[in-house]
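Asks: Okay, here's the structure, questions in a sec.
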Amino acid sequence: MEQYKEADLKNIATSIRRKIIEMVYSAKSGHPGGSLSIADILAVLYFKEMNIDPLDPTNPERDRLVLSKGHASPGLYAALSIRGFFPESLLSGFRKLNSKLEGHVHRGVPGVEASTGSLGQGLGIGVGMALAGKLDSKNYHVFVIVGDGEIEEGSIWEAMMAGSKYRLNNLIVILDKNGVQLDGYTKDIMPIENVKEMVSSFGWNAIEIDGHNFEEIISAIEKAKKSKEKPTFIIANTVKGKGVSYMENNPKYHGAPPASQEEYERALREIGGEE
Amino acid sequence: MLKGQSESLRDAYGEELKTLGAKYTELVVLDADLSSSTKTSIFGKAYPDRFFNMGIAEQSMVATAAGLSLSGKRVFASTFAVFLMRTYEQMRQSVCYNNLDVNFVVTHSGITVGEDGATHQIVEDVGIMSGLPNMKVSVPVDSIETRSVIDFLAERGRGPNFVRLSREKFPVLNDKNYEFKQGKAHTFKDGDDVTIIGMGVMVSFALEAAEQLKNKGIDARVINMSSIKPIDRNAIVKAAKETGHVVTVEEHSIYNGLGSRVAEVTSEEYPVPVWRLGMRDTFGKSGKGWELFDYFHMGVDDIVKMTEGCFREEPRYENFP
């Protein structure tokens, strides 16, 4: 595949962010906060780290991504369209009737591996995909993006045990640790302060990074790919709403679009990039 | 209590899986620490690489089943009926919404679980599963039909399927060559006066009841409705037209089970009285499996009593039991 430099990745992440804002504003609904926080991670995955081909989206050898936090669909749909899985013009159908772009991640969309939206299930799906890879002696990697509110679900920890038991070194989880969930801050709703120790004690590699630093994201994933026995859990410290000042760290924008034309224009201005 | 030879449905399931494992290398089986009871252990011993014991973690089992199916595997996943229900949402979102070829085969359903008591005797599962879009629901009547259902699902099954098996052995009613057809009912006994439609072990009760009814001058038709979804609408409408009265019998709640499905069809197409025998908005109880049928007014005598009631001068369902 093409080699993208860090400067390209930055531009791609900017495009993803612009499209996120355009989609949720057009739909008058959706989840910008947790989409903006993973834009840099998505740029690295889809434009550098994942072995994928938009012209051959079901190749058995491809890497897989399950976006377990399915409400971040605008981010994923934007990344897929920019990567060429479907025309960018389709993004305007997001959350509207007669469009495939369902409110939460939907498998009918080219490039999407699994429908998600109810939290805590995508990691188990990833375990199944990684197990199948082992059974079939394939070399693909399975990536799963989970949220830090999401890991309050017990089913995540069930899947963590299974990943460890079956030594799924082909499974890489990226935690979008943005500190905010629907009702407020995760530290107040259900504090999980020691994720690194927790995942280590479950038998996983644990790597903590700045989820907006391309170099750190790339190096963590490269390290995870080299794991011999254990699955890897990358704790990406991120900012919810990253790139739009009034959305940053603001629980209000977990699930609400820009409230006015003025807010909309301001968001695009702050994100920058080209129209 | 039950006449004739009985065989274990779960043994039949485990053995059939083992046979199919040789035929289909992409067949994988998951369990949640109950494999020696559900009998998936028979497959597990033969094919340890394709058997995944996910521990007491049913949500993980169901999501993993989805991931395996998305990667091209033919998946069977088993636990006790009651414990699979805690994964309703995983089944809904990860399996049914993705419309994956995942087969959930559960054992220890209904009151025949016996001594373990109410906590383990689920009588709501068929209703819960039938409501899921894309999900198909089958309740084999005996070991022969169990093998046939499992064969069918492994060879031609599409989308998510739920198969309900028991802990107890059930009487063998079908002959060796019987073949299950999804969406088709099977008539065990013809009759013109009334139709008794049964599900699971209660079909054998219905056949015994039909013998007693014959001595009382009532000729009852007995149908095995093993495919609950899709259901055989033609067989139901035909029974309604030809016999004018329907009694349903099930080891399940009368709400959202076989009786409800049958009544839906008759209401829409040919309304006749449908009297439903089963668990009446209640939990089960510890006791011997077979004793519980009498305790809950679901035994052979109760079927006879209810069916006779249809022919009273002023038949009234609420007089029963």
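The values are calculated or read from the model by the stated rules, or taken from the named source; none is laboratory data. Please read these numbers as outputs of a predicted model, since none were measured by experiment. Reconstructed Cβ throughout: ideal geometry from the backbone, glycine too, with neighbour counts over all protein chains shown.
Asks: Pick out the one residue from A:Asp183, A:Asp148 that is touching a helix residue (DSSP H, G or I) at 6+ places or on another chain (Cβ under 6 Å), more than 14 Å from every other protein chain (Cβ to nearest Cβ) and surrounded by fewer than 19 Cβ atoms within 10 Å (Cβ to Cβ).
Replies: Details: A:Asp148 fails: surrounded by fewer than 19 Cβ atoms within 10 Å (Cβ to Cβ).
From the options A:Asp183, A:Asp148, the qualifying one is A:Asp183.
Asks: Let me ask something additional. Taking helices (runs of 4 or more DSSP H) that fall entirely within region A:175-275, which contain at least 2 residues that are closer than 13 Å to A:Ile21 by Cα and charged (D, E, K, R)?
Replies: A:261-271
Asks: Another question about this same structure. Scan region A:4-13 and tell me whether some residue there is modelled with pLDDT under 95, among the aromatic types (Phe, Trp, Tyr) and closer than 30 Å to A:Arg266 by Cβ.
Replies: The answer is yes, given that some residue of region A:4-13 is modelled with pLDDT under 95, among the aromatic types (Phe, Trp, Tyr) and closer than 30 Å to A:Arg266 by Cβ.
Asks: If B:Val237 meets every condition in (1) crowded, with 21+ Cβ neighbours inside 10 Å; (2) touching a helix residue (DSSP H, G or I) at 6+ places or on another chain (Cβ under 6 Å); (3) within 20 Å of B:Lys181 (Cα to Cα); (4) not charged (D, E, K, R) apart from one, which number is that one?
Replies: Among (1) crowded, with 21+ Cβ neighbours inside 10 Å; (2) touching a helix residue (DSSP H, G or I) at 6+ places or on another chain (Cβ under 6 Å); (3) within 20 Å of B:Lys181 (Cα to Cα); (4) not charged (D, E, K, R), B:Val237 violates only (1).
Asks: Just need a number here: residues in region A:50-84 that are surrounded by 23 or more Cβ atoms within 10 Å (Cβ to Cβ), of a type outside the set (Phe, Trp, Tyr) and part of a helix (DSSP H, G or I).
Replies: Qualifying residue count for the region: 11.
Asks: Moving on. Select from region A:127-154 the residues that are farther than 22 Å from A:Asn237 by Cα and either touching a Gly at 6+ places or on another chain (Cβ under 6 Å) or of a type in the set (S, T, N, Q) (or both) and list them in ascending order. Don't jump to the end; show me each part of the working.
Replies: So the first thing to find is which residues in region A:127-154 are farther than 22 Å from A:Asn237 by Cα, and the list is A:127-141.
Result: A:Val127, A:Gly128, A:Met129, A:Ser137, A:Asn139, A:Tyr140.
Asks: Might you let me know whether region B:90-111 holds any residue that is crowded, with 21+ Cβ neighbours inside 10 Å, under 19 Å from the mean Cα position of the chain (by Cα), farther than 22 Å from B:Val29 by Cβ and in contact (Cβ under 8 Å) with a residue 60 or more places away in the chain?
Replies: yes
Asks: Check region B:216-229 and report whether any residue there is of a type in the set (Gly, Ala, Ser), in contact with a helix residue (DSSP H, G or I) (Cβ under 7 Å, 6 or more places away or on another chain) and not in a helix (DSSP H, G or I).
Replies: From region B:216-229, those of a type in the set (Gly, Ala, Ser) are B:217, B:220, B:226-227; that's our starting set.
Subsequent filtering for residues that are in contact with a helix residue (DSSP H, G or I) (Cβ under 7 Å, 6 or more places away or on another chain) retains B:220, B:226.
Those still in the list that are not in a helix (DSSP H, G or I) too: B:220, B:226.
Yes, region B:216-229 has at least one match.
Asks: Give the residues of region B:63-79 that are more than 7 Å from every other protein chain (Cβ to nearest Cβ) and buried (at least 24 other Cβ atoms within 10 Å of the Cβ), sorted by residue number.
Replies: B:Ser69, B:Val75, B:Phe76, B:Ala77, B:Ser78, B:Thr79
Asks: While we're looking at this one, here's another question. Name every residue in region B:38-51 that is in contact (Cβ under 8 Å) with a residue 12 or more places away in the chain and either under 15 Å from B:Thr25 (Cβ atoms) or within 7 Å of chain A (Cβ to nearest Cβ) (or both), in order of residue number.
Replies: B:Phe43, B:Ala46, B:Tyr47, B:Arg50, B:Phe51
Asks: If you don't mind, there's one more thing I want to ask. Give me the pairs: first residue in region B:279-298 and within 15 Å of B:Glu115 (Cα to Cα) and assigned by TED's automatic domain parsing to the domain that holds B:Glu251, second residue of a type in the set (Ser, Thr, Tyr) and surrounded by 15 or more Cβ atoms within 10 Å (Cβ to Cβ), beta-carbon distance under 6 Å, and six or more apart or on different chains, which are they?
Replies: B:Gly289/B:Thr112
Asks: Based on this model, can you work out whether A:Thr116 counts as within 12 Å of another protein chain (Cβ to nearest Cβ), under 23 Å from A:Glu22 (Cβ atoms) and part of a loop (DSSP other than H, G, I, E, B)?
Replies: When the stated conditions are applied, A:Thr116 passes them.
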